[in-house]
Amino acid sequence: MRIEIKTGNQQIIKRGKPVLIAVNQKIVTAHEGELVSTVLHCEGIRVFQRKHKNGKPSGIYCGMGICYECLVKINGVPNVRACQTPVAEGMIISTDIEEQG
Ligand code: FES
């Protein structure tokens with residue numbers, strides 16, 4: 001997503017090309033350039049996983065790839081940082097995995 005500032009304080013949001021992805025077995029339209037965490041947040045998903053040790057929920061925390069609280073399963077690969085992964089056509093995302101280790 002890009003925001004272009006026009007004269008007269010009008011802002012126009014330009015989005016990337018629409019792509020279809022699956023989020024917890026639901027087909028969702030996202031846009032190229034968006035992060036997985038953004039799409040999950042827009043879908044109302046705040047808890048990405050529950051920690052194995054204590055069952056506490058985790059999701060977006062730092063938003064910049066440091067905390068590892070936003071781990072999800074993407075295309076069968078567990079523990080992928082949602083806040084660092086751009087969406088791609090046909091991506092399959094699952095938030096119902098347990099934290100590894
Ligand atoms: S929110 Fe901190 S690593 Fe993704």
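Worth a mention:
- In the set (1) more than 13 Å from the ligand (Cβ to nearest atom); (2) at pLDDT 95 or above; (3) surrounded by fewer than 18 Cβ atoms within 10 Å (Cβ to Cβ), ILE21 fails one condition alone, (3).
- Taking the numbered list (1) without any contact (Cβ under 8 Å) to a residue 40 or more places away in the chain; (2) touching a strand residue (DSSP E or B) at 6+ places or on another chain (Cβ under 9 Å) in turn, SER58 passes all entries but (1).
- Pair list, Cβ < 6 Å and 6+ apart or interchain, from region 14-31 residues that are assigned to a loop (DSSP other than H, G, I, E, B) to residues that are among the acidic types (Asp, Glu): GLY16/GLU32; LYS17/GLU32
- Matching residues, region 34-46, being part of a loop (DSSP other than H, G, I, E, B), of a type outside the set (Asp, Glu) and open to solvent by 60 Å² or more (accessible area, probe 1.4 Å): ARG46
- Candidates in region 48-94 are the residues that are within 13 Å of the ligand (Cβ to nearest atom), assigned to a loop (DSSP other than H, G, I, E, B) and more than 29 Å from LYS17 (Cβ to Cβ); of these, the one that is most open to solvent (accessible area, probe 1.4 Å) is TYR61.
- Boolean, GLY44 is at positive phi and either within 10 Å of the chain's Cα centre (by Cα) or within 13 Å of the ligand (Cβ to nearest atom) (or both): no
The values are calculated or read from the model by the stated rules, or taken from the named source; none is laboratory data. Predicted model, so just to flag it, every value in this text is computed and none were measured. No Cβ is skipped: glycine too gets one built from the backbone with ideal geometry, and neighbour counts run over all protein chains shown. Quick note on the areas: whole protein, heavy atoms, side chains included, nothing else; ligands and nucleic acids left out. Shrake-Rupley method; radii C 1.70, N 1.55, O 1.52, S 1.80 Å.
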